[in-house]
Amino acid sequence: MYNWDNRRIFLEVAPYASLRKAAEKLGISRSTVMRRITALEDELGTRLFERLPEGYYTTEAGAAMLRSAERIEAETTEVDRQISGRDAELAGKIRISIPGLLATHLLMPDFAAFSRANPAIKLQIALNYEMVDLAKREADVAVRVSNDPSQYLVGRRVLTMARAAYVNNEFLPGDQLDGPETSSGPLLSWIGSSDDPSSQQWIKETDFPEIPVGSIIENPHETLTAVRAGLGMAVLPCFMGDATPGVFRMPPGSSILKTDIWVLTHEDMRNTARIRKFTSFIADALLRHRDLVEGKKPRI
């Protein structure tokens, strides 16, 4: 019987034909992934991958093993979920996946309050923007910002997150909105998150579609810092911009790019006491912040 950990590594390499992606996902080095794949092939006595310059591609044997391994993993995780779902005690661990901005700028005090009220429940909070797979138990609860969540999950749409265009006071009032030819004040440009033109379509939904992108900052936390410093104008969630001193909505202050916020879990976990307790608590917490999240507390 081959090593279970080696099979897990195989399952990360095979779908993407990439040692690098598998290493990043598993948090280990590329050389470790390569060594473990070689060890698995030695145990089985067959080659699972063709080593090509553009990546690792499954052989016929590798493809057959992938189908079998995926089926076994699905059955194992289903049993795991069903067993966990019978837990009726307000104790144990809850793995939470949540966008970093929602956690650090809005909900972290609520997480702390939940932990104080339920000391036997341990929160494991993963701050990320990726769609984790709850079916594979990558998380127990996901707080997702999406208008189209996965259909196999259960939960509720809690409210809608609004965004707006923000600047510091150097660009207020609005007499500097003539773009790069303005001579009466600092030149105004957008702070984008990518230099790919296709990713800048959101500009058309703002009140300033003619203003060019000047700077690129991929991290939204750093974007907020850049706006405060006067680097330019950026679209930010209203719960960040309206709550940050030194940052103001650019008049007319329209809220844009509205996206639903969901609190979700897997169907097999919905009746677990600690999951039910947490999802209800965090949904209520979001509703307490409704005006801020939905952009109803503008500071123009």
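The values are calculated or read from the model by the stated rules, or taken from the named source; none is laboratory data. Since we're looking at a predicted model, the values are computed, not measured. We place every Cβ from the backbone using ideal geometry, glycine too, and count neighbours over all the protein chains shown.
Brief remarks on what is shown
- Residue check for Gly192: small (Gly, Ala, Ser) and over 22 Å from the mean Cα position of the chain (by Cα): no
- Among the conditions (1) within 20 Å of Pro298 (Cα to Cα); (2) in contact with a helix residue (DSSP H, G or I) (Cβ under 9 Å, 6 or more places away or on another chain); (3) free of Cβ contacts under 8 Å to residues at least 40 places away in the same chain, Gly214 misses just one, which is (1).
- In the stretch 1-15, residue surrounded by the most Cβ atoms within 10 Å (Cβ to Cβ) [restricted to those that are of a type in the set (Phe, Trp, Tyr) and touching a helix residue (DSSP H, G or I) at 6+ places or on another chain (Cβ under 7 Å)]: Phe10
- Among the residues here, Asp195 qualifies as of a type in the set (D, E, K, R), exposed (fewer than 15 other Cβ atoms within 10 Å of the Cβ), at negative phi and in contact with a strand residue (DSSP E or B) (Cβ under 7 Å, 6 or more places away or on another chain).
- Test: residue in the stretch 210-225 that is in a helix (DSSP H, G or I), over 24 Å from the mean Cα position of the chain (by Cα) and not assigned by TED's automatic domain parsing to the domain that holds Pro99: no
- Of the residues in the stretch 258-274, not one is closer than 17 Å to Leu102 by Cβ and part of a loop (DSSP other than H, G, I, E, B).
- Residue in the stretch 240-257 that is free of Cβ contacts under 8 Å to residues at least 24 places away in the same chain and in a helix (DSSP H, G or I) present: no
- Listed by position, the strands (runs of 3 or more DSSP E) contained in the stretch 26-102 that have at least 3 residues being surrounded by 14 or more Cβ atoms within 10 Å (Cβ to Cβ) and either under 24 Å from the mean Cα position of the chain (by Cα) or at pLDDT below 85 (or both) are 92-98.
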